[in-house]
Amino acid sequence: MNIAPTFAISPIRNASLQAQLAERINNKTKPPGSLGRLESLAEQIGLIQQTTEPVLQAPAIIVFAGDHGVVAEGISAFPQDVTWQMVENFLAQGAAINVFARQNQIALHVVDAGVNHDFGVRESLLNFKIANGTRNFAQEPAMSAEQCATAMQHGRTLVAGLSGNVLGFGEMGIGNTTAAAALMHKLTGIPAAECVGAGTGLSVQGVRHKQQVIEQAAQLHADAVTPLQVLASVGGFEIAMMVGAMLAAAERRMVLLIDGFIVSSALLVAARMHPEILDYCVFAHQSDESGHARMLAALGARPLLQLDLRLGEGTGAALVYPLVQAAVNFLNQMATFETAKVSEKSAE
């Protein structure tokens, strides 16, 4: 039997280092707190790397692609073939994530986690296919425990092959907003109606049907209670692979750039296994997908952007990276009051 991999994630809290970072930030030529969220972001990255002089190296985004058997229930406005067609678009450098990753000099890796298509041998496609899509979780578990464990291990393997210390997460898979909403509903207890959105563009009736499918699936898989059991019951291969990759990245003290609704659902699973992972996460944005705001609240997250995005692909992670750079750069390059010979605020 294939057993799910284990992870050892260290807390980032270090009172002495935190005080040093705070002093360094407050001594810059600015009023205290005037760079807002960039200041807390700089402190977070310093704590992740355990240094007062953090460095960003070889940022990467991995886009995980997989298909979902639950599309047989009519929960998507687009046919399943769009998954493999969009993977081809990624490989041809034609998608939004290609544009944004290229713009910000972020390495982009595309992974076949379980697409219902034979791509053949492709130099630019990482083949970690578990199967040609999950099973229909409205009728049976989406995957076996062994498949779920294998997907997580593949995620760890992918991270082990990276040389940098910043990793963004993206996904592609028709039907995966349904899987993400089902995970959210099962793991948080939030009513399905508050987890479900339009995904790729469902009508009001389509959203209601999607909600009913999730509610029925939750009853079918009532015995699935642990994070891994829930993941195997209603998740996706790309989501399970992201869970393993996220945990492996945090284990390596990397900065994790969290995209939208589906990526957040993978993090929700990972955080229920290892709550310490949340300290390593930079939440890129609040998606326009209904339910993401509630999911972020369940994670205790404060996203940096709100651009009404709902594309996925890791686009939010790519767009937020310049802010991560800005936080590190001001910490390392901005003058202090002493070096700039600028008068500080006098004590009152």
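The values are calculated or read from the model by the stated rules, or taken from the named source; none is laboratory data. Being a predicted model, the structure only gives us computed values, none of them experimental. All Cβ positions, glycine included, derive from the backbone under ideal geometry; neighbour counts span all protein chains shown.
Return yes or no: is Ala96 touching a Gly at 6+ places or on another chain (Cβ under 9 Å) and modelled with pLDDT of 95 or more? The answer is no for Ala96. With the structure loaded, tell me whether Val82 is part of a loop (DSSP other than H, G, I, E, B), surrounded by fewer than 20 Cβ atoms within 10 Å (Cβ to Cβ) and in contact (Cβ under 8 Å) with a residue 60 or more places away in the chain or whether it fails that test. So Val82 does not fit the description; no.
In the set (1) in contact with a Leu (Cβ under 9 Å, 6 or more places away or on another chain); (2) touching a residue at least 12 places away in the same chain (Cβ under 8 Å), the condition left unmet by Asn98 is number (2). Within region 216-260, can you find the residues that are out of contact with any Pro (no Cβ under 9 Å at 6 or more places or on another chain), farther than 20 Å from Gly69 by Cα and buried (at least 24 other Cβ atoms within 10 Å of the Cβ)? Within region 216-260, Ala245, Met246, Ala249, Ala250, Leu256, Asp259, Gly260 meet the criteria. Is it the case that region 255-272 has a residue that's more than 25 Å from Thr178 (Cβ to Cβ) and touching a residue at least 24 places away in the same chain (Cβ under 8 Å)? So far as region 255-272 goes, yes, one or more of its residues are more than 25 Å from Thr178 (Cβ to Cβ) and touching a residue at least 24 places away in the same chain (Cβ under 8 Å). Among residues that are of a type in the set (Lys, Arg), out of contact with any Gly (no Cβ under 6 Å at 6 or more places or on another chain) and modelled with pLDDT under 95, Arg272 is not included. For region 53-70, the condition of being at pLDDT below 95, assigned by TED's automatic domain parsing to the domain that holds Val282 and either among the polar types (S, T, N, Q) or surrounded by 17 or more Cβ atoms within 10 Å (Cβ to Cβ) (or both) holds for none of the residues. When each of Gly74, Gly33 is tested for being at positive phi and assigned by TED's automatic domain parsing to the domain that holds Glu276, the lone residue that passes is Gly74.
Each row is one residue, and each column tells you yes or no for (1) buried (at least 19 other Cβ atoms within 10 Å of the Cβ); (2) of a type outside the set (Lys, Arg); (3) under 14 Å from Val243 (Cβ atoms).
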site: Ser124; (1), (2), (3): no, yes, no
site: Lys129; (1), (2), (3): yes, no, no
site: Asn136; (1), (2), (3): no, yes, no
site: Gln147; (1), (2), (3): yes, yes, yes
site: Ala179; (1), (2), (3): yes, yes, yes
site: Leu187; (1), (2), (3): yes, yes, yes
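The number of residues in region 163-177 being within 22 Å of Leu247 (Cβ to Cβ) and surrounded by 24 or more Cβ atoms within 10 Å (Cβ to Cβ) comes to 9.
Among all positions in region 121-144, there is no residue which is under 19 Å from the mean Cα position of the chain (by Cα), assigned to a helix (DSSP H, G or I), more than 14 Å from Glu313 (Cα to Cα) and in contact (Cβ under 8 Å) with a residue 60 or more places away in the chain. Ile97 meets each of the listed conditions (1) buried (at least 23 other Cβ atoms within 10 Å of the Cβ); (2) touching a Pro at 6+ places or on another chain (Cβ under 7 Å); (3) over 25 Å from Ser233 (Cα atoms) apart from (2).
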